[in-house]
Amino acid sequence: MQKSTSSSSLGPGGLDLSQAFFKSILNAAPPSPTKRHTKISVIGVGNVGMAIAQTILTQDLVDELALVDAKSDKLRGEMLDLQHAAAFLPRTKINASTDYSVTSGSDLCIVTAGARQNPGESRLNLLQRNVALFKSIIPPLVKYSPDTTLLVVSNPVDVLTYVAWKLSGFPANRVIGSGTNLDSSRFRFLIADHLDVNAQDVQAYIVGEHGDSSVALWSGISVGGVPVLSFLERQQIALEKETLEKIHQEVVHSAYEVISLKGYTSWAIGYSVANLARTILRDQRRIHPVSVLAKGFYGIDGGDVFLSLPAQLGRSGVLGVTNVHLTDEEIEQLRNSAKTILEVQSQLGI
C-alpha cells in the first residue's frame, strides 16, 4: 500500500487548486525555514492505536500524523475515517501507509503494535513473537527518524521498551515506555473517589512493573498538598494495611475488568499516551511515572532493566528521575519488581 493522503489536485490534468484559488501579496517573503512542524507516527491501528490517534487529533498536538499498520485495508479505512472529520478538528495532515517511509521526520514514534496471545500459548512464546515483530518495526523507524523519541505502549511494556532500546541504539533518554502512567491515573481516581475530591488534586504514584509486581507508593500520597498517611496518623485514624492492599489490587486488576466487560481497553490508554505526547513535544517538563532505564536507582542492579519511576519528561525525552523518598518496604518491593522483569528478559537472548 502506497502512502495515502488528502490532495488539492482536482480536475483534468490534476489542476492544483491551491495555486489557482489564492493569489500572493506583493513583496511576500517565503515561509520561514525555522517554523516548527511537529509530527507523530503511530505504529499499529488497533483499538489502542486509534484511541491514541483520535485523542492526539482532538487535543491539537501535532501538525502531521502518520499511521502505519500491516493491514492495508484497515489502515486506509481508519485514515479516511479520521480525514472525514476534518471540519470538526484542528487542521492536521493525516497520512497512512504500510511503508515506514511515511514516518520520516517524526518527532515522536508511538508503538502500539503487538501480537495477540493464541489459546494455550505461554506468555514467553507470546513475548518472543512480539520481539520478532519489534525487529521489523524499530529499525525502519530509526532509519527514517534518527532524531525521534520512541514511546512504547505494546505489552509487556517494560520488556518491550528494553527491546526497543537495544534494537534502536538510541540513548536511553529517548526510549520510553508508557509504563504505569495509566496505573497511576487509576490509583488517583480510586483515592479521589474514596475521598470525594478531584483526581487532579491527588498526588499518587504506582511504580515498578506495569503488571502484577507493581508498587503503590503509599508513603508519598498527598491530597491538596496534605500527606495522607501522616495526616491520618496525627488524627489517630487507623487505616488497615489490608485496606491499602485492596485498593492496589483494584488498580492491578482494573484493566482485566475492562477487558472482560468490553473486550479491550482503549480510551484511558489513549488519554494517557496523548498526555505523555503533550509533555514531550511541548517540553512541559512534567513528572510522569513511565518506564525508563532504572539501573542504579534505589539499589536496582543485576542488569539493564526498564520499569516505571517518576520521571521528568521534555523535548529530549527523559530529563531525569525524580528523587522520591521511598520507605524500606517500598524499595524492597521495587527491587523485587525489577527482578521479575529481569528474569523474563534473561530468556529472550537479546
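For region 178-317, the relative contact order is 26 percent, taking Cα pairs closer than 8 Å that sit 6 or more residues apart in sequence and dividing their mean separation by the residue count. Of the solvent-accessible surface of the chain, computed with a 1.4 Å probe and all protein chains present, 52% belongs to carbon and sulfur. Only one residue of Ala113, Ser178, Leu160 has its Cα farthest out toward the positive end of the dipole of the chain, where Lys and Arg carry +1 and Asp and Glu -1 on Cβ, and that residue is Ala113. Among the listed values [x] 60, 31, 20; [y] 39, 24, 19; [z] 35, 23, 20, the one computed from these coordinates for semi-axes √(5λ) of the Cα gyration tensor in Å is [y].
Between Gly105, Gly263, Gly44, the GNM of the chain built on Cα springs shorter than 10 angstrom shows Gly263 fluctuating the most.
Ordered from largest to smallest accessible area (heavy atoms of protein chains, 1.4 Å probe), the residues Arg234, Arg129, Arg76, Arg116 come out as Arg116, Arg234, Arg76, Arg129.
For the chain, the membrane-span-like helix rule (DSSP H, alpha carbon extent of at least 27 Å along the helix axis, mean Kyte-Doolittle at least -1.0) picks out 123-144, 241-262; this says nothing about an actual membrane.
What net charge is computed for the residues neighbouring Ala255, neighbours being all others with C-beta under 14 Å from the C-beta of Ala255, Lys and Arg scored +1, Asp and Glu -1?
That sum, taken over residues with Cβ under 14 Å, equals -3.
May I ask which of Lys39/Lys74; Lys246/Lys339; Lys39/Lys135; Lys39/Lys93; Lys23/Lys93 have a Cα-Cα span longer than 19 Å here? Where the Cα-Cα span goes over 19 Å, the pairs concerned are Lys39/Lys74; Lys246/Lys339; Lys39/Lys135; Lys23/Lys93. Residue order by solvent-accessible surface for Asp193, Asp69 is Asp193, Asp69, largest first, with ligands and nucleic acids left out and a 1.4 Å probe. Taken per residue, the accessible surface of the chain reaches 52 Å², heavy atoms only and a 1.4 Å probe. Pairs of Cα atoms nearer than 8 Å and 6+ residues apart set the relative contact order; for the chain it is 16 percent. Pairs of Cα atoms nearer than 8 Å and 6+ residues apart set the relative contact order; for region 241-337 it is 20 percent. Annotation: the antiparallel percentage among DSSP beta bridges lying fully within the chain is about 50.
Taken as Cα centroids, region 109-184 and region 51-100 sit 21 Å apart, rounded to the nearest whole angstrom.
Computed over neighbours whose Cβ is under 11 Å from that of Ala311, the net charge equals +2, Lys and Arg +1, Asp and Glu -1.
When Val344, Val252 are compared by accessible area at a 1.4 angstrom probe, the order from most to least is Val344, Val252.
The values are calculated or read from the model by the stated rules, or taken from the named source; none is laboratory data. Fair warning: this is a prediction, and the values are worked out from it, not measured in the lab. Ideal geometry is used to build each Cβ from the backbone, glycine not excepted, and the neighbour counts take in all protein chains shown. Ligands, DNA and RNA are stripped out before the accessible areas are found, and what is left, the full protein with its side chains, is counted by its heavy atoms. Shrake-Rupley method; radii C 1.70, N 1.55, O 1.52, S 1.80 Å.
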